[in-house]
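Chemist: After the structure tokens below, expect a handful of questions from me.
The values are calculated or read from the model by the stated rules, or taken from the named source; none is laboratory data. In this text, all values refer to a predicted model and were calculated from it rather than measured experimentally. Glycine also receives a Cβ, built like all others from the backbone with ideal geometry; neighbour counts cover every protein chain displayed.
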Amino acid sequence: MYIYQIMSNNFGYIDIILLGMIAGFIILRLRNILGRKTGHEPKIYPNFAEKKFNVPNNNVKPLKENYEVLEGKEKKDFLKGAEIAYETILTSFAIGDNKKLKSLLTPDMATNFEQAIKTRNKENIKSEFTFIGVKQSSVEKYERIKNELFASVKFVSEVISVKKDKDGKIIEGNPDKVKQVIDYWKFSKNILKKGPNWYLSEIVSK
């Protein structure tokens, strides 16, 4: 029994030694294949893609904007802005907000709107207006005259509009009826002035 225990212990030591030799052999092989770290290897950041930066070329001139036509993305962006301006102008006029109107109108149009609001207030006419939305908008005509750009837009919208006298009596419109309105507005822009803003310059009667 004693001899068996001694042999078992010896075999255990031999196993440990063999495993150590095998491990050392594997480490030496890996070192020969992969090489040693010198401390100057590039850092690798997981989950980040390599970014390539282009050096700006200051000699490249910016593309010149084509003012002769209105199409593609420029036309789409213009109509989107025109619809917002259309709604803002109508609602601002209804509540008599001259300050907001001046930021969207040419000087002549701003004067006309301001005079209309003064007349309405003088006659004690109250305007109740609800803008439902624009159903359709399209550029009917676009032209350039010297440094001025002009774009005529057709708007098809739905609104609820009511006018009441000083006693609250309805003199125009129906508060329970949605009305379809078709308007033709002309917007203008001076290409020499900074900023992308267009201004309402004319309301066309058809």
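Chemist: Which count do you get for residues in segment 163-200 that are under 34 Å from the mean Cα position of the chain (by Cα) and either among the β-branched types (Val, Ile, Thr) or surrounded by 11 or more Cβ atoms within 10 Å (Cβ to Cβ) (or both)?
Modeler: 17
Chemist: May I ask you to verify whether Ile203 is over 29 Å from the mean Cα position of the chain (by Cα) and of a type in the set (A, V, I, L, M, F, W, C)? Steps first, please.
Modeler: Numbers: over 29 Å from the mean Cα position of the chain (by Cα): no; of a type in the set (A, V, I, L, M, F, W, C): yes.
Answer is no for this residue.
Chemist: To continue, here is another question. Out of segment 114-141, which residues are under 24 Å from the mean Cα position of the chain (by Cα) and in contact (Cβ under 8 Å) with a residue 24 or more places away in the chain?
Modeler: As a first pass, look at segment 114-141 and keep what is under 24 Å from the mean Cα position of the chain (by Cα): 131-139.
Result: Phe131, Ile132, Gly133, Val134, Lys135, Ser137, Ser138, Val139.
Chemist: Let me ask something else about it. Could you tell me which residue of segment 103-149 is farthest from Ile191 (Cα to Cα), considering only residues that are in contact with an Asp or Glu (Cβ under 7 Å, 6 or more places away or on another chain) and among the charged types (D, E, K, R)?
Modeler: Per the criteria, the residue is Lys135.
Chemist: Out of Asp165, Asp97, which single residue is acidic (Asp, Glu), at pLDDT 95 or above and over 22 Å from Ser205 (Cα atoms)?
Modeler: On the way: Asp165 fails: at pLDDT 95 or above.
Criteria check complete, one pass: Asp97.
Chemist: Just name the residue that is modelled with the highest pLDDT out of those in segment 64-81 that are in a loop (DSSP other than H, G, I, E, B) and closer than 18 Å to Lys194 by Cβ. I'd like the intermediate steps shown before the answer.
Modeler: Step one: of segment 64-81, the residues in a loop (DSSP other than H, G, I, E, B) are 64-71.
Of the ones still in play, those that are also closer than 18 Å to Lys194 by Cβ are 64-65, 67.
Numbers: Lys64: 59, Glu65: 72, Tyr67: 85.
This residue is Tyr67.
Chemist: Show me the strands (runs of 3 or more DSSP E) entirely contained within segment 112-206 in which 3 or more residues are of a type in the set (Phe, Trp, Tyr). Spell out how you get there, then give the answer.
Modeler: Values: elements: 126-145, 148-164, 170-173, 179-190, 199-204.
Output list reads 126-145, 179-190.
Chemist: In contact (Cβ under 8 Å) with a residue 60 or more places away in the chain, touching a strand residue (DSSP E or B) at 6+ places or on another chain (Cβ under 8 Å) and exposed (fewer than 12 other Cβ atoms within 10 Å of the Cβ): does that describe Glu83?
Modeler: Numbers: in contact (Cβ under 8 Å) with a residue 60 or more places away in the chain: yes; touching a strand residue (DSSP E or B) at 6+ places or on another chain (Cβ under 8 Å): yes; exposed (fewer than 12 other Cβ atoms within 10 Å of the Cβ): no.
Judged against the criteria, Glu83 is not a match.
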